[in-house]
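Asker: Structure provided below as structure tokens; questions to follow.
What follows draws every value from the coordinates through simple rules; no lab data is involved. In this text the structure is predicted, and so the values were computed from the model without any measurement. Neighbour counts are summed over all protein chains in view; Cβ atoms, including those assigned to glycine, are modelled from backbone coordinates with ideal geometry.
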Amino acid sequence: MLTWSEDPATTQSVTWRTSDEIGQAFAEIAVSHRSSRFDLNATRLEAATERLEIGRSDRNQDRVDHFHSVVFRNLEPDTLYAYRVGDGGEYWSEWIQFRTARAEPAPVRFLYFGDAQNGVLSHWSRIIRAAYQKAPHANFTIHAGDLVNRAHRDREWAEWFKAGGWIHASLPSVPVPGNHEYGSLTEQEEERRVSLQWRPQFTLPIEAGLPESLAETVYTLRYQGILIVAMNSNREIEAQAQWLEKLLATDDSRWRVLTFHHPIFSSGRDRDNKERRDLWKPIIDKHSVDLILQGHDHTYARGHTPVRMSEESGPDVATMYVNSVSGAKMYEFMKDGWNVYRPEGVVLDRRGENAQFFQVISIDGGTLIYKAYTADGKAYDMFTLTKDESGKKTLYQGDANDLGEESSFENGLPYSREGM
Ligand SMILES: [Fe+2]
């Protein structure tokens, strides 16, 4: 599993899992070369190993596994590397390649997935694979929460890792936890805690100035001039608001993207996240964050703020908001779209129901191009957002919207509403 815990231009973090028979583990890395003996130049690093009792959750077998992680440091920017992980002796993974980020602003392309959550192996696998085929040179992937349905259930994480396979090993992920990544360990326990597996299996940044309970669930990454802010919409909403305000007040990245699970503007029927909206939206507005990528509502919604009051009333657009779903569970869209949020100054540009989506987002200089695709690879929605030197943004609605807005709510996979 590739993630970043430090600078994407000079480091790469990798995490893997074995049985507890492997007490000491290693990773090797070399600059990629056309010669098959590139491996002669490999450097070997010993892994940090963490023991995890999977059986602490009564949803799992009673077993103990080892999670190993290595941070490759002092890498050259914009360089193709090959790495492998193993026991240092007989047992190794294949050599897997990744490219470090450039050290300066440069074009970026990334994938975004709403909730995988249900039918992860049977139905989500086709989405992540279709996304990889659509954008094989993407730089990373964003997972906006609810990667699985039952926080601690190991079988579901096994499905998630199998669905992504070597894509997870080649393309770094930026995951945030959804409400389904929180749950009680046992029937008796009341406290809901983050997945047992979350911190062992993802090596992510730990931000200073945030409560310990948010470690590796709230973090920032800077990638070729873009700021990515991953937030945890489950916990400590107010503490994160203060942190976000400070972060955005001093950040000078040209483009800023936020991702978290519970949407500022709900699109699922009978759902709303007023507290999060009241605390976070004023900061998003104040700093004119460019793009908000969310999940949770098992529908598709894409809109923008602010509503344009007149020709003279400032920029056309400040922030683009997206809710999406990549897995197989589907909800009904709110009856009147986002009309209920009109007083908040938002317009719904495009909606969808009952389809699995993935997104490819490309940023080059002052232009951001967003494309949403359905599982069959067809474009469902697109827009272009431009930003001039003064920061003024202009929104161009795409013409890829040749598919009708899906409006049936009959073909999602069956699911239980328990614990949503
Ligand atoms: Fe959710």
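Asker: Fewest first, what order do Lys329, Lys335, Lys134 take by the number of other Cβ atoms within 10 Å?
Answerer: Details: Lys329 21, Lys335 9, Lys134 16.
Exposure proxy ranking, most exposed first: Lys335, Lys134, Lys329.
Asker: Go ahead and set up a Gaussian network model of the chain, Cα springs under 10 Å, then flag whichever of Gly164, Gly365, Gly225 fluctuates most.
Answerer: Sorting by GNM fluctuation, first place goes to Gly365.
Asker: Once you keep just the Cα pairs under 8 angstrom separated by 6 or more residues, what percentage relative contact order results for the range 1-135? Please report the intermediate quantities before stating the final value.
Answerer: On the way: 228 pairs, mean separation 33.7, N = 135.
It comes to 25 percent, rounded to a whole number.
Asker: Here's a follow-up. Relative contact order of the range 105-397: what whole-number percent is it, with Cα pairs under 8 angstrom and at least 6 residues apart?
Answerer: 20
Asker: At 7 Å along Cα-to-Cβ for each site, give me the label-to-label distance between Arg51 and Arg222 in nm.
Answerer: 4.0
Asker: Here's a follow-up. Taking neighbour Cβ counts within 10 Å as the exposure measure, how do Arg84, Arg51 sort from fewest upward?
Answerer: Details: Arg84 18, Arg51 11.
Fewest to most other Cβ atoms nearby, the residues stand as Arg51, Arg84.
Asker: Enumerate the calculated ³J(HN,Hα) couplings along the range 103-119 in order (Karplus 6.51 cos²θ - 1.76 cosθ + 1.60, θ = phi - 60°), each rounded to whole Hz, writing x wherever the residue is Gly or Pro.
Answerer: 7, 10, x, 7, x, 10, 9, 9, 9, 9, 10, x, 3, 7, 6, 10, x
Asker: Tabulate in residue order the Karplus-calculated ³J(HN,Hα) for the range 85-98, using 6.51 cos²θ - 1.76 cosθ + 1.60 with θ = phi - 60°, rounded to whole Hz; enter x for Gly and Pro.
Answerer: Ordered by residue, 3J(HN,Hα) equals 10, x, 9, x, x, 8, 10, 9, 6, 5, 6, 10, 9, 8 Hz.
Asker: Run the simple label-point estimate for Ser170 and Asp20 please: 7 Å along Cα→C-beta, distance reported in nm.
Answerer: Reported label-point gap for Ser170 and Asp20 is 3.5 nm.
Asker: From the backbone phi of the range 259-275, what are the Karplus-calculated ³J(HN,Hα) couplings (6.51 cos²θ - 1.76 cosθ + 1.60, θ = phi - 60°) in whole Hz, Gly and Pro given as x?
Answerer: Result, ordered by residue: 9, 7, 7, 6, x, 4, 10, 5, 10, x, 4, 6, 10, 7, 10, 4, 4 Hz.
Asker: Residue separation times 0.36 nm, minus the C-alpha to C-alpha distance between Arg34 and Asn339: what's the value? Spell out each step's value before the answer.
Answerer: On the way: separation 305, 0.36 × 305 = 109.80 nm, distance 5.69 nm.
Full extension from Arg34 to Asn339 adds 104.1 nm.
Asker: Between Lys378 and Arg192, what FRET efficiency follows from the Cβ-Cβ distance if R0 is 51 Å, with the result rounded to 0.05? Mind dumping the intermediate values first?
Answerer: On the way: r = 38 Å, r/R0 = 0.75.
The computed FRET efficiency comes out at 0.85.
Asker: Collect residues whose amide H, placed 1.01 Å from N in the peptide plane, falls under 5 Å from the amide H of Ser5; neighbours closer than 5 in sequence don't count.
Answerer: Under 5 Å from the amide H of Ser5: Ser13.
Asker: Once Lys and Arg get +1 and Asp and Glu get -1 on their Cβ, which of Met231, Trp157, Asn179 lies farthest toward the positive end of the dipole of the range 105-397?
Answerer: Working it through, the farthest residue towards the positive pole turns out to be Trp157.
Asker: Starting from the Cα-Cα distance between Arg63 and Arg44, subtract it from 0.36 nm times their residue separation and give me the gain in nm to one decimal. Numbers along the way, then the final one.
Answerer: Numbers: separation 19, 0.36 × 19 = 6.84 nm, distance 2.92 nm.
Extra length from Arg63 to Arg44 when fully extended: 3.9 nm.
Asker: Here's a follow-up. Please work out the FRET efficiency for the pair Asp285 and Gln397, using the Cβ-Cβ distance as r and a Förster radius of 25 Å; give the result to the nearest 0.05. Intermediate values should be presented prior to the final figure.
Answerer: Numbers: r = 22 Å, r/R0 = 0.86.
Efficiency, from the Cβ-Cβ distance: 0.70.
Asker: Among Gly352, Gly391, Gly209, which one shows the biggest mean-square fluctuation in a GNM of the chain, springs joining Cα atoms closer than 10 Å?
Answerer: Gly209
Asker: Lys286: which aspartates and glutamates have alpha carbons under 16 Å from its alpha carbon, excluding same-chain residues fewer than 8 sequence positions away?
Answerer: Cα-Cα hits under 16 Å: Glu245, Asp251, Asp252, Asp278, Asp316, Glu344.
Asker: What's the extension gain from Leu413 to Ser122 if we count 0.36 nm per residue and subtract their Cα-Cα distance?
Answerer: Numbers: separation 291, 0.36 × 291 = 104.76 nm, distance 1.06 nm.
Full extension from Leu413 to Ser122 adds 103.7 nm.
Asker: Once label points are set 7 Å from the Cα along Cα→Cβ at both Asp251 and Glu275, what is their separation, rounded to one decimal in nm?
Answerer: Inter-label distance under the simple model: 2.4 nm.
Asker: Distance from a point 7 Å along Cα→Cβ of Ala239 to each backbone N in the range 172-207: keep the residues under 13 Å and list them by number.
Answerer: What the label zone holds, given the 13 Å backbone N cut-off, is 207.
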